[in-house]
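Here, each number is a calculation from the coordinates, and none is a lab measurement. What you see is a predicted model; the values in this text were computed from it and never measured. No Cβ is skipped: glycine too gets one built from the backbone with ideal geometry, and neighbour counts run over all protein chains shown.
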Amino acid sequence: MKVGFIGLGRMGAGMAANLLKAGHEITVYNRSPEKARELSALGAQVATRVSDACRGEAIITMLANDDAVHSVVFGDGGVLASADVGAVHISMSTISVALSAQLASAHADARQRFIAAPVFGRPEAAAAAQLFIVAAGARSAFDDYAGLLGAMGQKLFYLGLEPTAANLVKLSGNFLIASVIESLGEAMALIGKAGIDPRTYLEVLTSTLFNVPLYKIYGGLIVDRQFEPAGFAAPLGLKDIRLTLAAAEQLQVAMPVASLLRDRFLTLLARGGQAQDWSAIARLAAADAGLPDGQ
């Protein structure tokens, strides 16, 4: 399949590489051209303009935020103006529900198709094609491109006709991950203040009550204070919690824990944590408890 791939950050680069390995003909575009050149060694064609990456059957975007997606899609020579009638735009970024609805409407008016397909997984999962992909949009479009999505992930979930459903599920999932990070940070501050070894404590948790990857991955990062380099940077965590709160306000759903998490991320960034992984909000509980490694 002929595919354009726009956005080659820590997630997108691995995803595009897996499409190449699966035998697809990929044209890549990235604002920083050196990342695109790395994929050219694997057989990708490198586009110098967004429009040059929009000539295939499918155009995938994997970008950092709403502003980046909006610019790439609606800008001069963007996806909307450059993609053929009948082509599909697969948005795999974590974006707002409102922008997803705008994209779906604009592509329909242009007689193009649109699938929202955000992912769960960190960069190492993207590189290993082990992402979990939640997708929504016309069933015929999902069926046509399920194989393409499957080359990037270990499991696909179809959530119905409305693309916004996938974006809301993704945001709610990231809210839950951030909630786990915060609660782990608080619990580890509690046992750490009492002199209990945090690594032993994590082993107890992940061998009994919480024998799941989420606790093992983030618990390990917290115990090791391994917050750099960031797999998912703290500013992106703040962005996702803000988008969750915006969706909740629109639906009139109170989310007090999400409000707390927004403030935790703001505090982390105010203390210089812009380059740290979002799991670094766990440091704040240790600092609040007066533990030296919370600094």
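Given their separation in residues at 0.36 nm each and the Cα-Cα distance between them, Ala106 and Gln250 gain 49.7 nm when the chain is fully extended. Any idea what log10 I(q)/I(0) is at q = 0.08, 0.16 Å⁻¹ for the stretch 2-161, Debye with uniform C-alpha scatterers and no solvent? Cα-only, vacuum Debye calculation for the stretch 2-161: -0.18, -0.80. If one takes the longest principal axis of the Cα atoms in the chain, at what angle in degrees, from 0 to 90 and to the nearest 10, does the Cα axis of helix 12-21 lie? That works out to roughly 50 degrees. When +1 charges are put on Lys and Arg Cβ atoms and -1 charges on Asp and Glu Cβ atoms, the dipole computed for the chain relative to its Cα centre reaches about 180 debye. Extending 7 Å from Cα along the Cβ direction at Ala22 and again at Asp84 yields two label points whose distance is 2.0 nm. Projecting the alpha carbon convex hull of the stretch 60-123 along each direction and taking the average yields 4.1 nm².
For the peptides 227-235, 83-91, 153-161, the ranking by mean Cβ contacts within 10 Å, running from highest to lowest, is 83-91, 227-235, 153-161. For Lys35, the aspartates and glutamates whose Cα falls under 20 Å of its own Cα, not counting residues fewer than eight places away in the same chain, are Glu25, Asp52, Glu124.
Using just the alpha carbons, could you tell me how many Å³ per residue the convex hull of the stretch 94-250 encloses? Please report the intermediate quantities before stating the final value.
On the way: hull volume 20.8 nm³, N = 157.
For the stretch 94-250, the hull spanned by Cα atoms encloses 132 Å³ per residue.
Residues within the reach of a label modelled at Ser207 (point 7 angstrom out along Cα to beta-carbon, backbone nitrogen below 19 Å), restricted to the stretch 169-200, are 188, 191-192, 196-200. The dipole here belongs to the stretch 2-161: it is taken about the Cα centre, uses +1 on the Cβ of Lys and Arg and -1 on the Cβ of Asp and Glu, and is about 260 debye.
Projecting the Cα positions of Phe265, Gln226, Ala151 onto the charge dipole of the stretch 146-292 (unit charges on Cβ atoms of Lys, Arg, Asp and Glu, taken about the Cα centre) puts Ala151 furthest along the positive direction.
Counting 0.36 nm for each residue step from Leu260 to Ala138 and taking away their Cα separation leaves a gain of 40.3 nm.
The alpha-carbon atoms of the chain, seen along their principal axes, cover 63, 46, 35 angstrom, with the largest extent given first.
For the chain, the residue among Val253, Leu202, Gly14 whose Cα projects farthest onto the positive side of the dipole built from Cβ charges is Gly14. Gain on full extension, evaluated as 0.36 nm per residue between Lys193 and Ser172 minus their Cα-Cα distance, stands at 4.4 nm. Spin-label pair Lys216-Ser179: with each label point 7 Å from Cα along the Cα-Cβ axis, the two points sit 2.3 nm from one another.
Distance from the alpha carbon centroid of the stretch 1-47 to that of the stretch 235-295 works out to 32 angstrom. Between Arg139, Arg271, Arg262, the residue with the greatest mean-square fluctuation in the GNM of the chain (Cα pairs under 10 Å linked by springs) is Arg271. Distance between the 7 Å Cα→Cβ label points at Gln154 and Arg49: 4.2 nm. Look at the alpha carbon pairs under 8 Å that are at least 6 residues apart: their mean separation over the length of the stretch 167-294 gives a relative contact order of 38 percent.
Quick one: putting +1 on the C-beta of Lys and Arg, -1 on the C-beta of Asp and Glu, what dipole do you get for the stretch 125-207 around its Cα centre, in Debye to the nearest 20? Show your work: numbers first, answer last.
Working: 5 positive and 7 negative charges, 8 e Å.
Charge dipole of the stretch 125-207: 40 debye, to the nearest 20.
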